[in-house]
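The values are calculated or read from the model by the stated rules, or taken from the named source; none is laboratory data. Worth saying up front: this structure is predicted, and the values here are computed from it rather than measured. Cβ: placed from backbone, ideal geometry, glycine included. Neighbour counts: every protein chain shown.
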Ligand SMILES: [Zn+2]
């Protein structure tokens, strides 16, 4: 089983190379920020999380909870959702804009690229 905030997953590497090629520079996994965002753009004051659908309970079929051991999984996954929400709230309070990308949505590269660039170019602060 992967860790909750697993680092350097395939979708993450893909997204990193896509952003790098678009000319943006970032820092990785800054532990001093709530939730250790996967990508941090210090000058833009923006962060990106690349979330695994299961661990962060995306509303898609990848997030299916196993039938066995539900009493183990349910509270654990609920805790993850709560923690994600709290981390986002904290980051926004600190003046960071937050974009969450889901692993299942990394297949369409063009859509993904557009979404990321729109986010990084936007002037809207939260
Ligand atoms: Zn998903």
Subject >> Subset of segment 26-35 that is in contact with a helix residue (DSSP H, G or I) (Cβ under 9 Å, 6 or more places away or on another chain) and outside any strand (DSSP E or B) - its residue that is modelled with the lowest pLDDT >> reply: 26
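For residues in segment 40-60 being more than 12 Å from residue 102 (Cα to Cα) and either assigned to a loop (DSSP other than H, G, I, E, B) or touching a helix residue (DSSP H, G or I) at 6+ places or on another chain (Cβ under 7 Å) (or both), which is farthest from the ligand (Cβ to nearest atom)? Break it down into steps so the answer makes sense when it comes.
The first filter runs over segment 40-60 and keeps only residues more than 12 Å from residue 102 (Cα to Cα), leaving 40-47.
From what's left, either assigned to a loop (DSSP other than H, G, I, E, B) or touching a helix residue (DSSP H, G or I) at 6+ places or on another chain (Cβ under 7 Å) (or both): 41-47.
Details: 41: 24, 42: 28, 43: 30, 44: 26, 45: 27, 46: 22, 47: 20 Å.
By that ranking, first place goes to 43.
Picking from 109, 74, which residue would you name as being exposed (fewer than 14 other Cβ atoms within 10 Å of the Cβ) and touching a helix residue (DSSP H, G or I) at 6+ places or on another chain (Cβ under 9 Å)?
Working: 74 fails: touching a helix residue (DSSP H, G or I) at 6+ places or on another chain (Cβ under 9 Å).
That would be 109, the only listed residue that is exposed (fewer than 14 other Cβ atoms within 10 Å of the Cβ) and touching a helix residue (DSSP H, G or I) at 6+ places or on another chain (Cβ under 9 Å).
One line per residue, one yes/no per condition, for (1) over 18 Å from residue 14 (Cβ atoms); (2) without any contact (Cβ under 8 Å) to a residue 40 or more places away in the chain:
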| site | (1), (2) |
| --- | --- |
| 71 | yes, yes |
| 90 | yes, no |
| 112 | no, no |
| 115 | no, yes |
| 121 | yes, yes |
**OP:** With the condition kept exactly as written, say whether any residue in segment 101-111 is within 11 Å of the ligand (Cβ to nearest atom) and in a strand (DSSP E or B).
**Re:** yes
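Identify all residues within segment 76-100 that are in a strand (DSSP E or B) and away from the ligand (no atom under 16 Å from the Cβ); write none if there are none.
At the first step, the residues of segment 76-100 found to be in a strand (DSSP E or B) are 97-100.
Correct list: 97, 98.
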